[in-house]
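Participant: Pasting a structure below so you can have a look.
Here, each number is a calculation from the coordinates, and none is a lab measurement. A quick note: this is a predicted structure, and the numbers were derived from the prediction, not measured. No Cβ is skipped: glycine too gets one built from the backbone with ideal geometry, and neighbour counts run over all protein chains shown.
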Amino acid sequence: MDQEVTFERVIDENFDDFVFLLDKMAEYEKHKPTDNQAKNRLKKDAMSENPKFEAYLVRFGGEFIGYILYYMTYSSYLALPVLHLEDLFVLEKFRRKGIGKEMFRFSVQQAKEKGCGRMEWTVYDWNEPSIQFYKKFGASRLDKKYYRFDKGEIEHFLK
């Protein structure tokens, strides 16, 4: 790789770049783009005194070409924090250049610096390129099923 990959924490000044990339990931995953209410919550949650997540923009060749978003959970069994990697995204034209590897290395370094007992993430079963990417690094694929309640289901359940 001839050019350097750098990481910049998402702040007020680059927040629109972050949302642009987030919407590009939504497009890749065939989701709706981020609506204005969600953008406002993202900004509030990222910029608060106690942020709910950390996000970093990835710069390569003078432009933002990807982002990383993670948050901390906790393992009662290990009695240690766990870094949950929510998103690791690179624009398509910048893939297969070693940038994703640098981004993953940055994420793993964050887990180490934060004293995490492990790092976890999920990958859609249709996303074979990402599955192969993580396999290459020796990641363990858990044989667990994840369950979810969306906001509407939460409300419905509590009625």
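Participant: Quick test for you: out of L80, L85, L21, pick the one residue that is surrounded by 18 or more Cβ atoms within 10 Å (Cβ to Cβ), out of contact with any helix residue (DSSP H, G or I) (no Cβ under 6 Å at 6 or more places or on another chain) and either over 27 Å from R118 (Cα atoms) or in contact (Cβ under 8 Å) with a residue 12 or more places away in the chain (or both).
Facilitator: None of the other options fit; the residue is L21.
Participant: Could you list all residues from segment 103-130 that are assigned to a loop (DSSP other than H, G, I, E, B) and hydroxyl-bearing (S, T, Y)?
Facilitator: T122, Y124
Participant: Quick check on my filter: what residues within segment 96-111 are β-branched (V, I, T) and more than 28 Å from L78 (Cα to Cα)?
Facilitator: Within segment 96-111, just I99 meets the criteria.
Participant: For V10, work out the one condition from (1) of a type in the set (V, I, T); (2) within 19 Å of V108 (Cβ to Cβ); (3) within 15 Å of the chain's Cα centre (by Cα) it doesn't fulfil.
Facilitator: Looking at each condition in turn, V10 falls short on (2).
Participant: Another one. Are any residues in segment 24-56 crowded, with 16+ Cβ neighbours inside 10 Å, under 20 Å from L91 (Cα atoms) and in contact with a Lys or Arg (Cβ under 8 Å, 6 or more places away or on another chain), and if so, which ones?
Facilitator: Answer for segment 24-56, where residues must be crowded, with 16+ Cβ neighbours inside 10 Å, under 20 Å from L91 (Cα atoms) and in contact with a Lys or Arg (Cβ under 8 Å, 6 or more places away or on another chain): E54, A55, Y56.
Participant: Also, I was wondering about something else. Here is a list: K135, K114, K93. Which entry is of a type in the set (K, R) and more than 24 Å from S75 (Cβ to Cβ)?
Facilitator: K93
Participant: Right, another one. List, please: which pairs have Cβ atoms under 7 Å, are six or more places apart or on different chains, and start with a residue in segment 42-55 that is touching a residue at least 40 places away in the same chain (Cβ under 8 Å) and within 21 Å of F106 (Cβ to Cβ) and end with one that is in a loop (DSSP other than H, G, I, E, B) and not charged (D, E, K, R)?
Facilitator: Going by the 7 Å Cβ cut-off, the qualifying pairs are A55/V10.
Participant: Let me ask another. Out of I131, I99, I154, which single residue is surrounded by 14 or more Cβ atoms within 10 Å (Cβ to Cβ) and more than 24 Å from E8 (Cα to Cα)?
Facilitator: None of the other options fit; the residue is I131.
Participant: Among (1) in a helix (DSSP H, G or I); (2) buried (at least 16 other Cβ atoms within 10 Å of the Cβ), which single condition is E8 missing?
Facilitator: Going through the list (1) in a helix (DSSP H, G or I); (2) buried (at least 16 other Cβ atoms within 10 Å of the Cβ), E8 breaks only (1).
Participant: Of all residues in segment 104-125, which are touching an Asp or Glu at 6+ places or on another chain (Cβ under 9 Å) and under 18 Å from L142 (Cα atoms)?
Facilitator: W121, T122, Y124 - these are the residues of segment 104-125 that are touching an Asp or Glu at 6+ places or on another chain (Cβ under 9 Å) and under 18 Å from L142 (Cα atoms).
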